[in-house]
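The values are calculated or read from the model by the stated rules, or taken from the named source; none is laboratory data. What you are looking at is a predicted structure, and each value in this text was computed from that prediction instead of being measured. As a convention, Cβ positions derive from the backbone with ideal geometry for all residues, glycine included, and neighbour counts pool all protein chains shown.
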Amino acid sequence: MDSKKTRLPFHLGKLIWLGLVVLLCGFPCPSQEAPVDPAAKNTAPDSRSTEAATLAQQTGQQRSGSISGKVVDQSGANITGALVKLVQEGHPSSTEALSDRDGQFSLPNVAPGSFQLTITSPGLASQEFSGIVNPGEAYVTPIIMLTIATQVTEVHVGLTPDQLAEVQIKEQEKQRVLGFIPNFYVSYVPNAAPLPPKRKFELAWKSASDPFTFVAVGLIAGLDQAGDRWGAYGQGAQGYAKRFGAAYTDVFAGTFIGGAVLPSLLKQDPRYFYKGSGTKRSRILYALANSVICKGDNGRWQANYSSIVGNLAAGGISNLYYPAKDRNAVGLVFSNAMIRIGETAVANIFQEFIAPKLTPNVPRRAPAQP
């Protein structure tokens, strides 16, 4: 066969080859196609759903809510201008709002979570309310009622010097060494109010009539009788009674004359003023000096004429009831006075160093009074 007769036309051959190329390019080679994991095909949609849900949840948590409510008083009337303060955990700053003329308040842009409201208004007791606001929630509180605040009235009344002295005397009358021995003539207030005559007599009577005073006088009378002192009184019940009467008269006369009558006339304070500070030497000298000096009603230190003259007067009166043979007129008077002054000095040292430690609930350097 002639080669020219069997050859296809050029344009026809070109079309055939072009068709083959198109077929080959339109279908990818199986060896070049990427393998697909069936499990991956099954899980991909679920993974995308989970991610979408998580994203939606996170977006929802960031959505702010709001809080609103109404404030009224006890009668149900709306409260205008009530201050509503919002505080939330994790938020250092607070948010505030005022109620309008209808008593309504609104707090926008509230972060989700727990919250606390404090509602205040002048003249009314504050109220608190707490709750939890969810993301995007418009939280409405119950009606908040503010009640009238409890009125607390403080009345400061200045005490007169007499009233202040009365208060201080009442405190002194509670002072007892070891809880039962009267210790009324000691002031732990350094600048206590001066005692008017009425208070000086009150203090003297309180001391002279105290049950312990009678017990102490009874012991003294017993010792005197045991030692046959004032022998003219004799022994037995009658002798004891006379000694008891004499000893009590000494105490009564000395207390009233030196602690009430003369201090009232001479305007002197019969009390011992506890020092409680300074060196031991200075405190001893202070205690000894106070047996012959005292504080005047004017607050100045001066010679204790009340005590000195009072002891002499008590000694002179004792000549009226002690047995005649035991009286020594002037000698007895001065000896008794000196004994009383010595006893006072010893008692003052006791008051300065020992008595406060043995006296329950005794004030320790009480503050000065205005």
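Just so you know, in segment 149-170 the residues that are among the polar types (S, T, N, Q) and surrounded by fewer than 13 Cβ atoms within 10 Å (Cβ to Cβ) include one that is modelled with the lowest pLDDT, and it is Thr153.
Any residue in segment 191-207 that is farther than 20 Å from Ser318 by Cα, assigned to a loop (DSSP other than H, G, I, E, B), under 49 Å from the mean Cα position of the chain (by Cα) and acidic (Asp, Glu)? No, because not a single residue in segment 191-207 is farther than 20 Å from Ser318 by Cα, assigned to a loop (DSSP other than H, G, I, E, B), under 49 Å from the mean Cα position of the chain (by Cα) and acidic (Asp, Glu).
Which of the residues spanning segment 273-320 are part of a strand (DSSP E or B) and farther than 19 Å from Asn183 by Cβ?
Correct list: Ile293, Gly296, Trp301, Gln302, Ala303.
Under the condition of being crowded, with 16+ Cβ neighbours inside 10 Å and assigned to a strand (DSSP E or B), the residues counted in segment 88-103 number 3. Kindly evaluate Thr249 against the criterion of being touching a strand residue (DSSP E or B) at 6+ places or on another chain (Cβ under 9 Å), assigned to a helix (DSSP H, G or I) and of a type in the set (S, T, N, Q). When the stated conditions are applied, Thr249 does not pass them. Here the condition is being in the same structural domain as Gln168 (by TED's automatic domain parsing), surrounded by fewer than 18 Cβ atoms within 10 Å (Cβ to Cβ) and more than 23 Å from Gln163 (Cα to Cα); of Gly231, Gly258, it holds for Gly231 alone. Scanning segment 256-272 for residues that are in a strand (DSSP E or B) and either under 15 Å from Pro190 (Cα atoms) or without any contact (Cβ under 8 Å) to a residue 24 or more places away in the chain (or both) yields one hit, Tyr272.
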